[in-house]
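First the structure, in the form of structure tokens, and then the observations on it.
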Amino acid sequence: MNNEFAERRRLIGAGLENRELDAMLVASPANVRYLTGFTGSNGAVLALPGERIFFTDPRYAIQSRREVSCRTQVCKGPILPAVAAVVAARRVRRLGFERAHLSYDGFDLLRANMPVNTSLEPVSGWLEEHRMVKSESEIELIRRSVATNSKAFELAARRIRPSMRERDLAAEIDHQMRRLGAEKPSFETIVASGERSALPHAHPTGAALKAGQLVLIDMGAFQDGYASDMTRMLFLGAPGARVKRLYRAVLEAQLAAVDAVRPGVTAAHVDRQARKVLKAYKLDRAFVHSTGHGLGLEIHELPRIGRKDKTPLAAGMAITIEPGVYLEGVGGIRIEDTVVVTPTGCEVLTPTSKELRVV
Ligand code: ZN
Ligand code: ZN
């Protein structure tokens, strides 16, 4: 991986001129990890045309020696004044920074420690655009994260009984993930039963699972830094005609969207395929979010698989496909897989069956 990190840093250094920058400061944890492999919480990379410098503090001195292959400066105090000192010494005139990540305090601290003739230039999405297309080693890590997640689902699902509380099922899922090699869930595990399944981002509660209810489980793992994401539906008892019809609609929408994924089509085109199916069932207005999102070092990355995203898909992108319908007072249904765009179409990484699981 060290070569891969060095190559990513080189690409950022080589891209400075095009952006009319003399240097770029990267400090968001996911972008720092992307450029260096550093897994700690306090680090930054200063990319200059001919060299890249990693900054951290003494708590991470040992760890950074193990993880980071580029030149490292361990700062006694806050990192940003140390970055500013290097910027001044190298006579940087235009310093780029990540506008979505640098805090107002951080901006002030940089400004106060830099020469007056150095300008701070806001940059958005540069690293994030690089991160959209995954390397083979990244896809392998996502594949492993997906496998762990699906295995954890199987083990936890076997323990489901009526009267189990949502919160206990969520804890069981998280426990199984960790046992199987995940560092942590990639977001707070969602277990939502009955009418609460109509809340797309429900937090698990103390409510007990009851016969005759839908249960929505949305879960993902972070393993070796890479995210997975999956939603599956359970039904306690025998589902009636209405639930079966809703389920069929969402499944058809999900399959239609997956079918549309291939290089060259836009993210919006994929989103449209899911909406078209739900419209035929008169359920399009119950689909209140976008069809999916990129994932990788973060659970939500570019591209967004939504109505307005014109990003053309490219081989190597890892995205979710997750249409859903949410009916107040009834419940919600969502089906979500993690897929990778291939040169000819896509590969669904999630191995878990998409049948409505009856327990
Ligand atoms: Zn999800
Ligand atoms: Zn998702």
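Values for this structure:
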read-out	value
Counted charge near Met164, where neighbours are those whose Cβ lies closer than 14 Å (Asp, Glu -1; Lys, Arg +1)	+3
Semi-axis lengths (Å, descending) of the ellipsoid that matches the C-alpha gyration tensor of segment 203-285	27, 22, 9
Filtered GluC sites (Glu not before Pro), segment 260-359: DSSP coil and at most 13 other beta carbons within 10 Å	Glu328, Glu355
Radius of gyration and Dmax over the Cα atoms of the chain, both given in Å	22.8, 72
Where only C-alpha atoms are counted, convex hull volume of segment 10-56 per residue in Å³	62 Å³
More than 25 angstrom apart: percent of Cα pairs within segment 235-359	23 percent
Calculated P(r) tail over 27 Å for segment 2-131, as whole % of Cα pairs	9 percent
Using alpha-carbon coordinates, inclination of helix 267-280 to the longest axis of the chain, degrees	20 degrees
Cα long-axis angle, helix 166-179 against the chain (0 to 90 degrees, to the nearest 10)	50 degrees
Cα-based helix-to-principal-axis angle, 104-113 vs the chain, degrees rounded to 10	10 degrees
Pairs of lysines in segment 136-358 (C-alpha under 28 Å apart; 8 or more residues apart or interchain)	21
Segment 41-55 - phi-based ³J(HN,Hα) in whole Hz, Karplus 6.51/-1.76/1.60, Gly and Pro as x	9, 10, x, 8, 10, 9, 9, 10, x, x, 7, 10, 10, 9, 10
Dimensionless Rg over Rh [segment 238-280; C-alpha; Kirkwood]	1.12
Within segment 144-190, trypsin sites (Lys or Arg not before Pro) in DSSP loop having at most 13 other beta-carbon neighbours inside 10 Å	Arg158, Arg159
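Bear in mind that the values in this text are calculations on the coordinates, not laboratory data. The shown structure was predicted, so the numbers you read here are calculated from the model rather than taken from an experiment. Every residue, glycine as well, gets a Cβ built from its backbone with ideal geometry; the counts of neighbours run over all protein chains shown.
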